[in-house]
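Only one structure is covered here, and it is reproduced in the block below.
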């Protein structure tokens, strides 16, 4: 029986073979194969855990090899595979079979197995290598079972793992835990899982134009800029958009769950993440925190927002270098990290929402207020965002304060069910783009435009005039057409020919920020 484990490294990671050899000589353990400090320390945990589990630790010279040797092994998940490899060589359970069994888990000194990170990615990687069975910590069983792989078994202690390996050697296969359906039918969303969301669009009072813009942005997964004076409702609006989004499908759910597992953010006892994530990092965040990386490479905020929303409040307060790093991932849907001796990648297909004041003091464009900022102050303030990133923002919405009597009203206007409009629109897109590598209007590549978006002669004239008036770039023209496609979908127009009303609405949603400002 071949014992294998897993070493995280970006989104994919590597399968690691764990081999042990016992020979005569001065008792001791040599661990080879580029282990990091945490893996080297595992030897003492393994030694004590084996003794406390009523097994004999061999008094021989032991060599444990982690192959391939050229990959650095990190983390505490190698404790259990090292322990069972050593016990296998003592003859505690058979080793005649050539089957590969993946073993994951951190050992306490008592022999109890602790949950580890990256279990779902490990099982998926094992499936690619035709792994026979999987032994995972009890606290990771829901996560591991989400992969739908065969023969996944939970273990609470080292003793349980040895018993299970004996059974597998003798072709006795214990019953696997039941795999939950996806999604759980008939169970309300808030009872199925923690959504990570607070409130809904009904929390926003007034701002009817803003709500319609949020609906369009959510339906087509369009990037969004909200600008206006402080206290006008930008942060509230940005944080509520995710409540409009539909649940993740199975493929996207597995990807998001893998990312959260690799980051160590998947709570114990939880399975797949089924709601689009919402991430709102502070403007003091570091490059590694937002983009990913670090000494031990981990996914950043843009990957944690995969298939969900990345909300940057007070956008111009972020460092310019960090903001400019968002340009490529926002278009490619992934981030590639190049580090000394290691190249890896993470998915990063997120919807970007930016919120900003119109100027450093925030009063420009506000009635009965005085702006104390000079033109150069405003130029420097917006220069941090930069034209290249701003050009990738499809929808730009000015947000102004609403009247006090509207805010103090008892209830927001709920005459329009925006979430239903979004769900109907995304359903149309799912059907339209079936079999394509993209699912939303904002992700239509330039080469596919003719297949899904066509303009009548009158609409082409309108767009041509808008390009001259607002100085639209080529990317902006494509953006307007994508927004128009979404506006038509919301109306239920499934024809590839876009009506001119939808085009006019798209131009209005895109117009601000390229040449002039709202004020």
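Of the residues 93, 78, the single one that is in contact (Cβ under 8 Å) with a residue 12 or more places away in the chain, out of contact with any strand residue (DSSP E or B) (no Cβ under 8 Å at 6 or more places or on another chain), in the same structural domain as residue 161 (by TED's automatic domain parsing) and crowded, with 16+ Cβ neighbours inside 10 Å is 93.
In the list 241, 265, which residue meets the criterion of being in a loop (DSSP other than H, G, I, E, B) and either closer than 18 Å to residue 301 by Cα or in the same structural domain as residue 147 (by TED's automatic domain parsing) (or both)? Residue meeting the stated conditions: 265. Taking the conditions (1) surrounded by fewer than 17 Cβ atoms within 10 Å (Cβ to Cβ); (2) modelled with pLDDT under 90; (3) farther than 21 Å from residue 202 by Cα in turn, residue 410 satisfies each one other than (3).
When each of 471, 459 is tested for being surrounded by fewer than 21 Cβ atoms within 10 Å (Cβ to Cβ) and either farther than 22 Å from residue 389 by Cα or not assigned by TED's automatic domain parsing to the domain that holds residue 328 (or both), the lone residue that passes is 459.
Is it true that residue 140 is farther than 26 Å from residue 76 by Cβ, outside any strand (DSSP E or B) and modelled with pLDDT of 75 or more? Write out each step before concluding.
Values: farther than 26 Å from residue 76 by Cβ: no; outside any strand (DSSP E or B): yes; modelled with pLDDT of 75 or more: yes.
Here the answer is no, as residue 140 does not meet what is asked.
When you go through 335, 397, 370, 402 one by one, which is the residue that is in contact (Cβ under 8 Å) with a residue 24 or more places away in the chain and farther than 30 Å from residue 439 by Cβ? Steps first, please.
Details: 335 fails: farther than 30 Å from residue 439 by Cβ; 397 fails: farther than 30 Å from residue 439 by Cβ; 370 fails: in contact (Cβ under 8 Å) with a residue 24 or more places away in the chain.
Among 335, 397, 370, 402, only 402 is in contact (Cβ under 8 Å) with a residue 24 or more places away in the chain and farther than 30 Å from residue 439 by Cβ.
Among the residues of the stretch 143-165, the ones that are surrounded by fewer than 17 Cβ atoms within 10 Å (Cβ to Cβ) and either part of a strand (DSSP E or B) or modelled with pLDDT under 90 (or both) come to 2 in all.
When residue 18 is tested against (1) under 34 Å from the mean Cα position of the chain (by Cα); (2) assigned to a loop (DSSP other than H, G, I, E, B); (3) over 30 Å from residue 334 (Cα atoms), only condition (2) is not met. For the stretch 380-407, what are the residues that are assigned to a loop (DSSP other than H, G, I, E, B) and exposed (fewer than 12 other Cβ atoms within 10 Å of the Cβ)? Listed by number, the list holds a single entry, 403.
Of all positions in the stretch 227-245, none carries a residue that is at pLDDT 90 or above and within 28 Å of residue 116 (Cα to Cα).
Of all residues in the stretch 232-245, none are under 30 Å from residue 39 (Cβ atoms) and in contact with a strand residue (DSSP E or B) (Cβ under 9 Å, 6 or more places away or on another chain). Scanning the stretch 154-173 for residues that are within 30 Å of residue 252 (Cα to Cα) and free of Cβ contacts under 8 Å to residues at least 24 places away in the same chain yields one hit, 154. Confirm whether residue 87 is more than 30 Å from the chain's Cα centre (by Cα), surrounded by 19 or more Cβ atoms within 10 Å (Cβ to Cβ) and assigned by TED's automatic domain parsing to the domain that holds residue 10. It is true that residue 87 is more than 30 Å from the chain's Cα centre (by Cα), surrounded by 19 or more Cβ atoms within 10 Å (Cβ to Cβ) and assigned by TED's automatic domain parsing to the domain that holds residue 10.
Checking the structure you have, find out if any residue of the stretch 100-108 is surrounded by fewer than 20 Cβ atoms within 10 Å (Cβ to Cβ) and within 23 Å of residue 50 (Cα to Cα).
Taking the stretch 100-108 first, the residues surrounded by fewer than 20 Cβ atoms within 10 Å (Cβ to Cβ) are 100, 108.
Checking which are within 23 Å of residue 50 (Cα to Cα) leaves us with 100, 108.
Yes, some residue in the stretch 100-108 is surrounded by fewer than 20 Cβ atoms within 10 Å (Cβ to Cβ) and within 23 Å of residue 50 (Cα to Cα).
When the stretch 433-448 is filtered for residues that are in contact with a helix residue (DSSP H, G or I) (Cβ under 7 Å, 6 or more places away or on another chain) and part of a helix (DSSP H, G or I), the ones remaining, listed by number, are 441, 442, 446.
Annotation note: Cβ proximity below 8 Å between a residue of the stretch 212-225 that is outside the structural domain of residue 242 (by TED's automatic domain parsing) and buried (at least 24 other Cβ atoms within 10 Å of the Cβ) and a residue that is modelled with pLDDT of 95 or more and outside any loop (DSSP other than H, G, I, E, B) (sequence gap 6+ or interchain) occurs for no pair. Return yes when residue 377 is part of a helix (DSSP H, G or I) and surrounded by fewer than 12 Cβ atoms within 10 Å (Cβ to Cβ) and no when it is not. It is false that residue 377 is part of a helix (DSSP H, G or I) and surrounded by fewer than 12 Cβ atoms within 10 Å (Cβ to Cβ). Residues in the stretch 248-263 that are touching a strand residue (DSSP E or B) at 6+ places or on another chain (Cβ under 8 Å) and farther than 23 Å from residue 219 by Cα: 258, 259, 262, 263. If only residues of the stretch 449-472 that are touching a residue at least 40 places away in the same chain (Cβ under 8 Å) and assigned to a helix (DSSP H, G or I) are counted, the one that is farthest from residue 243 (Cα to Cα) is 458.
Here are some residues: 103, 39. Which one is within 34 Å of the chain's Cα centre (by Cα), within 24 Å of residue 169 (Cβ to Cβ), in contact (Cβ under 8 Å) with a residue 12 or more places away in the chain and not assigned by TED's automatic domain parsing to the domain that holds residue 300?
Values: 39 fails: within 24 Å of residue 169 (Cβ to Cβ).
Only one candidate qualifies: 103.
Taken over the stretch 306-316, the criterion of being more than 11 Å from residue 326 (Cβ to Cβ) and either touching a helix residue (DSSP H, G or I) at 6+ places or on another chain (Cβ under 8 Å) or surrounded by 24 or more Cβ atoms within 10 Å (Cβ to Cβ) (or both) is satisfied by 306, 307, 308, 309, 311, 313, 316. On inspection, residue 427 passes the criterion of being in the same structural domain as residue 211 (by TED's automatic domain parsing) and in a helix (DSSP H, G or I). On inspection, residue 82 does not qualify as touching a helix residue (DSSP H, G or I) at 6+ places or on another chain (Cβ under 7 Å) and farther than 20 Å from residue 135 by Cα.
The values are calculated or read from the model by the stated rules, or taken from the named source; none is laboratory data. None of the values given here were measured: they were computed from a predicted structure. Glycine gets a Cβ as well: all are built from the backbone with ideal geometry, and neighbour counts include every protein chain shown.
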